[in-house]
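Written below as structure tokens is the structure these notes are about.
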Amino acid sequence: MPASDAELAAARAAGWRGCDLGWERLQERAESALHAGNGAGATGLWRHGWWLARLRFSTDDPRYATSLANAGMAARLTGNEPLARLRYARALRLWGAVPDWVERMDIARRARSSTFHLRLEATYWEDYKASIRRRAMDFAREAAACLDAGAHGTPVTFRLHERWRGERPAAFDDLRKFLGAALLLAAPQSPDMTN
């Protein structure tokens with residue numbers, strides 16, 4: 001079984017729909033296209049992601065807001081700055097629902113390395129979840145700053161996508177959905193970060 005099919009099978013076994021992993025992959029491919037200098041390819045992928053989000057995600061799902069913002073980046077790349085700013089501003093308003101979404105997240109257990117870690121996690125699971133939610137809110141604030149920058153056409157000085165590669169959980173749960181929304185956000189980069 002190819003790796004991508006194995007990943008999809010694992011996602012579905014965890015209760016994800018095909019659109020959940022498909023959305024993630026669209027955002028990753030769009031960023032790769034943009035990084036490779038293929039703005040038209042990135043634009044098409046972000047538009048497809050926005051279409052998917054509108055059909056499959058509720059408006060309080062953080063991925064919906066990210067999809068709208070990324071469609072804003074697509075508008076920016078095609079020279080439609082007013083539409084880009086409008087989409088980022090609307091995404092920022094929708095992002096206001098994130099604290100409630102983070103509080104309701106279903107978080108899968110993480111410990112995998114030893115019996116000791118499994119026991120520790122089991123004993124302090126509520127504390128672990130509270131810590132994960134606090135960290136998620138840090139990501140949420142950073143994403144909100146990126147959305148605000150996008151709404152004003154101001155560049156940000158950090159790259160969220162690079163952090164996604166390191167932060168992406170192996171578990172297919174709500175935390176992964178949230179981190180995808182927070183870190184797969186296309187934000188205007190400062191000129192010294194475009195290479």
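The values are calculated or read from the model by the stated rules, or taken from the named source; none is laboratory data. Everything quoted here is computed from the prediction, not taken from an experiment. Cβ sites come from the backbone with ideal geometry, for glycine too, and all protein chains shown count toward neighbours. Ligands, DNA and RNA are stripped out before the accessible areas are found, and what is left, the full protein with its side chains, is counted by its heavy atoms. Shrake-Rupley method; radii C 1.70, N 1.55, O 1.52, S 1.80 Å.
Cβ separations smaller than 7 Å between residues 6+ apart or across chains give the following pairs from region 78-103 residues that are without any contact (Cβ under 8 Å) to a residue 12 or more places away in the chain to residues that are open to solvent by less than 60 Å² (accessible area, probe 1.4 Å): 83/75. The selection criterion, being on the phi > 0 side of the Ramachandran plot and either over 19 Å from the mean Cα position of the chain (by Cα) or modelled with pLDDT of 95 or more (or both), holds for residue 79. Taken over region 130-178, residues that are open to solvent by 50 Å² or more (accessible area, probe 1.4 Å) and among the aliphatic types (A, V, I, L, M) amount to 2. For region 47-70, the tally of residues that are touching a Ser or Thr at 6+ places or on another chain (Cβ under 9 Å), small (Gly, Ala, Ser) and closer than 14 Å to residue 26 by Cα stands at 2. For residue 32, are the conditions met, namely being touching a Phe, Trp or Tyr at 6+ places or on another chain (Cβ under 8 Å), without any contact (Cβ under 8 Å) to a residue 24 or more places away in the chain and either surrounded by fewer than 18 Cβ atoms within 10 Å (Cβ to Cβ) or farther than 20 Å from residue 187 by Cα (or both)? Judged against the criteria, residue 32 is not a match. Of the helices (runs of 4 or more DSSP H) lying entirely inside region 92-195, those carrying at least 3 residues that are modelled with pLDDT of 95 or more are 98-104, 125-152, 174-183. When 68, 26, 52 are checked against the criterion of being at pLDDT 95 or above, open to solvent by less than 40 Å² (accessible area, probe 1.4 Å), of a type in the set (A, V, I, L, M) and over 12 Å from the mean Cα position of the chain (by Cα), 52 stands alone in meeting it.
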